[in-house]
1. Residues 479, 447, 470: which one is more than 52 Å from the chain's Cα centre (by Cα) and free of Cβ contacts under 8 Å to residues at least 24 places away in the same chain?
2. How about the range 295-331: which of its residues are within 26 Å of residue 406 (Cβ to Cβ) and of a type in the set (Asp, Glu)?
3. Test residue 239 against the criterion of being at pLDDT 90 or above and either hydroxyl-bearing (Ser, Thr, Tyr) or surrounded by fewer than 18 Cβ atoms within 10 Å (Cβ to Cβ) (or both), and give yes or no.
4. Report yes if some residue within the range 348-363 is surrounded by fewer than 17 Cβ atoms within 10 Å (Cβ to Cβ) and closer than 30 Å to residue 149 by Cβ; otherwise report no.
5. Scan the range 491-513 for residues that are open to solvent by 100 Å² or more (accessible area, probe 1.4 Å) and in contact (Cβ under 8 Å) with a residue 40 or more places away in the chain and jot them down.
6. Looking at the range 254-279, I want the residues that are under 13 Å from residue 386 (Cβ atoms) and have a partner that is outside any helix (DSSP H, G or I) and open to solvent by less than 30 Å² (accessible area, probe 1.4 Å) with Cβ atoms under 7 Å, at least 6 apart or on another chain. Which pairs are those?
7. Being surrounded by fewer than 18 Cβ atoms within 10 Å (Cβ to Cβ), within 21 Å of residue 118 (Cα to Cα) and either under 40 Å from the mean Cα position of the chain (by Cα) or among the small types (Gly, Ala, Ser) (or both) narrows it down to one of 98, 84, 27, 74, so name that one.
8. Among the residues of the range 364-383, write down those that are modelled with pLDDT of 90 or more and either hydrophobic (A, V, I, L, M, F, W, C) or within 32 Å of the chain's Cα centre (by Cα) (or both).
Amino acid sequence: MYQVLIADDESIIREGIKCLFDWESLGFTITGEATNGEQAYQEILRLRPDVVLLDIRMPGLSGIDVIREVRSAGYEGNIIILSGYSDFKYAQEAIRYGVHSYLTKPVDEDELQSALLAIREQLDAKAAASSTKEHYRDTIHASIVKDLLLGTADFPKTNLSDFHLEAPVYQVVIYEKYSHNTQDASYSFSDLLRVTNQDNNSYDHITLSYNEVLLLKGDFAIQKFNEFLERYERERRPQKGSPLDSLFITYGKCVSSPDEIPESYTDALNLMHRRFFCDQEQHTIGYADLPKFLNTHPINHDAFLKKYSATLLSYLQSFNRSMVAQTLNDLSKELYNTSDSIDSIKLLLADLFLQIKEQMNHLYNHAEIPFPNNADIIRTIEGKYYLYEIILFFTEQFEIVIGSIGNSTRDSVLDDILNYINHNYANNITLENIAPLFGYNSSYLGKIFSKRMGENFNSYVDHIRIEKSKELLQNEDLKVYSVAERVGYRNVDYFHIKFKKYVGQSPAEYRKAHRQ
């Protein structure tokens, strides 16, 4: 039977816990109680129980103080924190000292039982390991660390203390060269962390799947790693050639049990795969950035291309640089939250740029926009290591586009609007959907337009469409309904009405007269 100590200043809580279930059937026996922090401290060191159920708030020493003191005195047993919801910050601090679980009051029977069964499994494994401690004597230290990281360790046959792998808390760090053009830096990670690592007591280092992996062990090593991160933040742009300049670092969450080490490793590995999304000059990314990634979903490529090609085309033609930038920012956020591979994302962005190129060349076939050729576009996007580099490429190219289709003699935004209408009359353009592209309220823009042009917006669009339809009727062998669609009228009867209103003839009569 494994021994349990209950420490809580409320007798009703202690009695309630004792009556929750048949403790012996779970493999435990309650050997002691404590009603305040000082008594809890003394009883823990006297009884050395396997499990302590500890209230976070007690008279005298707080639960956190008790944990700190007994850990300092060498107690390595399992501690389950009991806390009210308002005490969560205190519980977070306690978790740093290697507590096994954090349960809120009133204690849920199933949660407590689950925590106890997990502890019993660990204690059973530890007891079994003592009888087979020779199993790993002849295996190399790195292979055991690899097993711990991958979750393949055979705990019943592995005595972690023989290899200095027992610790109250662990954290996994992965690092690689940050710059692909930087020469390998010569450094010792012990120097960077400012710790001594005799007998691998502070951390273990192995190469796993082409990544350099560190397993930090204990509060001291993790504290030094946090100080290292703080130094980096102060030196956000480290000197060229320094170790910090050549490193990219990811790190998983801290865990309090060896069988949880794979969770920390998986965190760090997932973040290393997301390096593509890091900002410029960003050298570190930690587990706090994982929630967004864990909620990812496959992207709908067709919908993505339709949405962003249409939006960017509209803003490019309206010379709205700020909204082009905002759209690219929105695009980046959407891509960050996709589970698609990096290669798939690059292919998607290349497809997006090529669609925009094709449509701009079609709309402005006389502008001679100096786009790169298709092969160079694909090669450039595929060759980028980071998303921000691709977005920068888009930004630079879009600036060239705006400069190529712009008119240097324009004296007002209305000229830009007229230019937009002349190239997009075949689409469903209205005052309501065109005004936001140029940063105007539709009502105000309508007044400006009517005053400047001497006719309202819809009338002007109709004139443009009718003039274009006259060209098609004269020069193309298209059916009248096809001509109507080409110039933006979806209803051929409505086209007939508009054409006769402005021309005085039906489309068929106009074609017959002008072709003769």
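1. Working: 447 fails: more than 52 Å from the chain's Cα centre (by Cα); 470 fails: free of Cβ contacts under 8 Å to residues at least 24 places away in the same chain.
Of 479, 447, 470, the one residue that is more than 52 Å from the chain's Cα centre (by Cα) and free of Cβ contacts under 8 Å to residues at least 24 places away in the same chain is 479.
2. 330
3. Working: at pLDDT 90 or above: no; either hydroxyl-bearing (Ser, Thr, Tyr) or surrounded by fewer than 18 Cβ atoms within 10 Å (Cβ to Cβ) (or both): yes.
For residue 239, the condition - at pLDDT 90 or above and either hydroxyl-bearing (Ser, Thr, Tyr) or surrounded by fewer than 18 Cβ atoms within 10 Å (Cβ to Cβ) (or both) - is not met.
4. no
5. Within the range 491-513, none qualify.
6. Correct list of pairs: 275/248; 276/386; 278/285; 278/386.
7. 27
8. 371, 372, 374, 375, 376, 377, 378, 379, 380, 381, 382, 383, listed by residue number.
The values are calculated or read from the model by the stated rules, or taken from the named source; none is laboratory data. Nothing here was measured: the structure is a model prediction, and the numbers come from that model. Because the Cβ atoms are built from the backbone with ideal geometry, glycine has one as well, and the counts that use them run over all protein chains shown. To get the accessible areas, we keep the full protein, side chains included, count just its heavy atoms, and leave off ligands, DNA and RNA. Shrake-Rupley method; radii C 1.70, N 1.55, O 1.52, S 1.80 Å.
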